[in-house]
1. Could you report the chain's accessible area per residue, 1.4 Å probe, as an integer in Å²?
2. Quantify, in whole percent, the carbon and sulfur part of the accessible surface of the range 329-464 (1.4 Å probe; protein heavy atoms only).
3. Which FRET efficiency, nearest 0.05, do R422 and E305 yield, Cβ-Cβ r, R0 56 Å?
4. So I have [x] 27.4, 88; [y] 28.7, 93; [z] 26.2, 91, and one of them is Rg and Dmax of the Cα atoms in Å calculated from this model. Which one is it?
5. Roughly to the nearest percent, how much of the accessible area of the range 56-200 is carbon and sulfur, given a 1.4 Å probe?
6. Around R160, which amide H atoms from residues at least 5 apart in sequence, or from another chain, sit under 5 Å from its own amide H, with H modelled in the peptide plane?
7. For the Cα atoms of the chain, what angle does the longest principal axis make with the long axis of helix 240-253, in degrees from 0 to 90, nearest 10?
8. Residue by residue, what Karplus-based ³J(HN,Hα) values in Hz, rounded to whole numbers, does the range 59-64 have, using 6.51, -1.76 and 1.60 with θ = phi - 60° and x for Gly and Pro?
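The values are calculated or read from the model by the stated rules, or taken from the named source; none is laboratory data. This is a predicted model, so every value here is computed, not measured. For neighbour counting, all protein chains shown are included, and Cβ atoms are generated from backbone atoms with ideal geometry for every residue, glycine included. Areas reflect the complete protein model, heavy atoms only, side chains present, ligands, DNA and RNA absent. Shrake-Rupley method; radii C 1.70, N 1.55, O 1.52, S 1.80 Å.
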Amino acid sequence: MALARAWAIGLLGIEGRPVEIEADIGAGLPRTTLVGLPDPGLREAKERVRAAIRNTVGGWPDQPVTLGLSPANLPKVGSGYDLGIAVAVLAAAGKVPATKLPGTVLLGELALDGRIRPVRGVLPALLAARRAGLTSAVVPAESLFEAVLVDGLRVGGAARLAEVLGWLRGEQDLLAAEPPAGDEAAEVPDLADVLGQPEARWALEVAAAGGHHLLLTGPPGVGKTMLARRLPGLLPRLTREDSLEVTAVHSVHGSLSAASPLVRVPPFVAPHHSISAAALVGGGSGLASPGAISQAHRGVLFLDEACEFTPKLLDSLRTAVEDGEVRIARQRGAVCFPARFQLVLATNPCPCAPPREADCSCSPSARRRYLGRLSGPLLDRVDLRVRMRPIVAMNAREHGDPEPTETVRARVLRARERAALRWSEHGWRTNAEVPGPVLRREYALPAKVTALLDTGLRRGSVTARGADRCLRIAWTLSDLAGTERPDADHVASALEFRDRRAA
């Protein structure tokens, strides 16, 4: 009898846990048993690994092989355990030494001829390995561009199982992880391209400064999409910690760029209105995978033609907007993905959407049904609402010189610095993250400042949640103005953004 151990990483969402792979070779008739809550894809690893070993070193043990993956109560998903299983079996059979296996995590899917194929989630897996105290890792050669992002871990790449076996025997070195040749940030369109729309441009600046959600309503072609696509350019670049978290989500999703793997610019995600609930929120068979709202983490989720989305899809955003994460429960476990994004909605005022509102042919009931897809609870969570008007002149001089992104971004960054300094002891970064009770108790404004807001509450034109959001907008307006605290004008402007009837 012989026993050997190797390490892999099991992912639940973007959180990883070390998985110990044990290979025991006993006495008796040949058979292979895999235990430890494997999913169907992992259950097939027995056949993949057997063929890869047979085509690499010439034979599979003729005795019973028992493969155990611990902890046994952790669901194991995917084919990333193949390399660890193969090495553990060969070490148990005495064909390779096991001296380098303690403290080493092995990731990769095996082809039948022994090639090591890339798997999703290499970055979060290596981050989890580092947190667990593992010191080295072997990954597919095609995944080295992700591995280079993790400091404090010795990482080598291999294209074939034979290379890993040669490394274990001390006969050769693995491929080294090298930084990508270019690490350029993604380009963002300039705000100077947008003609006119001063109210919408101001709302976009306020949204960027405070991390607020935004609704743009107007006829087609007035610049709703253009404005939304320029919001990431106004936001601060991601910190190293945020970049790794966002990149980890994209790694699990399988959408990383090998040329520039580290996501530095806040992502911009714009799903089509035909998207499914699983693709938007996250889901799928087995344990769930990240959806569009998690891909927009620390960035912008833009729903163009928002009223074309089904009400069920739109209302599925409500919890994520409030909590900044999405938790998906399945029979075999629950996964949690981060989803702290800025929501930008754009919609036409009616189904026919003529260039001029006077030419609308929709009945009042048709307009109500169309806009009614944006439910009251969802709209109550949208901080800024702007009505955009048609462009009446294409000559840029008619609209004045539009400010470029860099000019507006400088004001946004100054306002964000003021907010971050104010909330630093609480751990909040933007005004949009501050809970309402804190604004009402510790940072309460004088009654004369909030008088208009109180009137709106009494009339029923503003909900309690909406009042809290008005206070957050007022603090953002104060930060943009460079004042110590909001005044009555800031509160009135915030209320005007929320609902014009409230005034």
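1. Per residue, the chain has 44 Å² of solvent-accessible surface.
2. Of the solvent-accessible surface of the range 329-464, carbon and sulfur hold 52 percent.
3. Efficiency, from the Cβ-Cβ distance: 0.90.
4. Evaluating Rg and Dmax of the Cα atoms in Å on these atoms matches [x].
5. Carbon and sulfur together cover 49 percent of it.
6. Correct list: I116.
7. Roughly 70 degrees, rounded to the nearest 10.
8. After applying 6.51 cos²θ - 1.76 cosθ + 1.60, I find x, 9, x, 8, 10, x Hz.
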